[in-house]
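Working notes, beginning with the structure itself.
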Amino acid sequence: MRKTSAFRFVILFGLTVVAIPSKSQEVLSPPAKAACKFAGGKTITVAYSSPRMRGRKIFGDLVPFGEVWRTGADNATSFVTKADLVAGGKNIPAGSYTLFTLPTQSKWILIISKQTGEFGIPYPGEQFDFSRIEMKLSKLPSQIENFTISFDQTGASCAMRLDWESTRASIDISEKK
């Protein structure tokens, strides 16, 4: 009888432990999306994983300056456009791409890669780059805990913004006419 009671206790305790959410089950870099819709209905969609600062120094430490960054966490950041675009004076045909960035203290470069469907690291290499475009860099008024990609739409263009820590990197994107 004691063995049966002890066995039941162990089973119930085990089920209780499994049922209680723990910090280790928390998603550290949840999936996120951003989109921009042009007047004609064509869209840009970005899918990425949104890491958290969690008290860490980000740029120049977790994300080293002068090294290609996957622009998020986990899977590579996808960039799908249904429209032909112009960004930083460069033409980008409709299609699916992967975004990487090359951050430095004074400027950021957006890397649009033709290689798609990969995990975020390692960077597949320059041979897969479709284009490299300089981004505008600015300081945010306060720190941002969650890495965020968003679009600010004004008329026929969208400003894609990458915000994290106290940094904003942005680029104007418009539909090619």
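The values are calculated or read from the model by the stated rules, or taken from the named source; none is laboratory data. Just so it is clear, the model here is predicted, and its values are computed rather than measured. All Cβ positions, glycine included, derive from the backbone under ideal geometry; neighbour counts span all protein chains shown. In case anyone asks, the SASA skips ligands and DNA or RNA and just uses the protein heavy atoms, side chains included. Shrake-Rupley method; radii C 1.70, N 1.55, O 1.52, S 1.80 Å.
For residues that are hydroxyl-bearing (Ser, Thr, Tyr) and closer than 17 Å to Thr45 by Cα, scanning just segment 121-177, find the one that is modelled with the lowest pLDDT.
Within segment 121-177, the match that is modelled with the lowest pLDDT is Thr154.
Could you look through segment 148-169, keep only residues that are of a type in the set (Ser, Thr, Tyr) and open to solvent by 20 Å² or more (accessible area, probe 1.4 Å), and pick out the one that is farthest from Leu99 (Cα to Cα)?
That would be Thr154.
Checking Glu145 against (1) open to solvent by 60 Å² or more (accessible area, probe 1.4 Å); (2) over 19 Å from Trp69 (Cα atoms), which single condition isn't satisfied?
Against the list (1) open to solvent by 60 Å² or more (accessible area, probe 1.4 Å); (2) over 19 Å from Trp69 (Cα atoms), Glu145 comes up short only on (2).
State yes or no: is Glu67 modelled with pLDDT of 95 or more, farther than 30 Å from Gly155 by Cα and acidic (Asp, Glu)?
yes
For segment 59-78, check the following and say yes or no: at least one residue is of a type outside the set (Val, Ile, Thr), open to solvent by 40 Å² or more (accessible area, probe 1.4 Å) and in contact with an Asp or Glu (Cβ under 7 Å, 6 or more places away or on another chain).
no
Scan segment 56-78 residue by residue and report those that are hydrophobic (A, V, I, L, M, F, W, C) and in a loop (DSSP other than H, G, I, E, B).
Ile58, Leu62, Phe65, Val68, Ala73, Ala76
Which members of segment 119-129 meet the condition of being surrounded by fewer than 17 Cβ atoms within 10 Å (Cβ to Cβ), over 15 Å from Phe79 (Cα atoms) and not charged (D, E, K, R)?
If the condition is that a residue be surrounded by fewer than 17 Cβ atoms within 10 Å (Cβ to Cβ), over 15 Å from Phe79 (Cα atoms) and not charged (D, E, K, R), then Ile121, Pro122, Gly125, Gln127 are the ones that fit.
Taking the condition in contact with a strand residue (DSSP E or B) (Cβ under 6 Å, 6 or more places away or on another chain) and within 13 Å of Ser29 (Cβ to Cβ), does Ser50 pass?
Yes.
Hey, among the residues in segment 101-111 that are aliphatic (A, V, I, L, M) and under 15 Å from Gly72 (Cβ atoms), which one's surrounded by the fewest Cβ atoms within 10 Å (Cβ to Cβ)?
It comes out as Leu102.
Evaluate the following for Thr116: is it under 22 Å from Pro31 (Cα atoms), open to solvent by 40 Å² or more (accessible area, probe 1.4 Å) and assigned to a loop (DSSP other than H, G, I, E, B)?
yes
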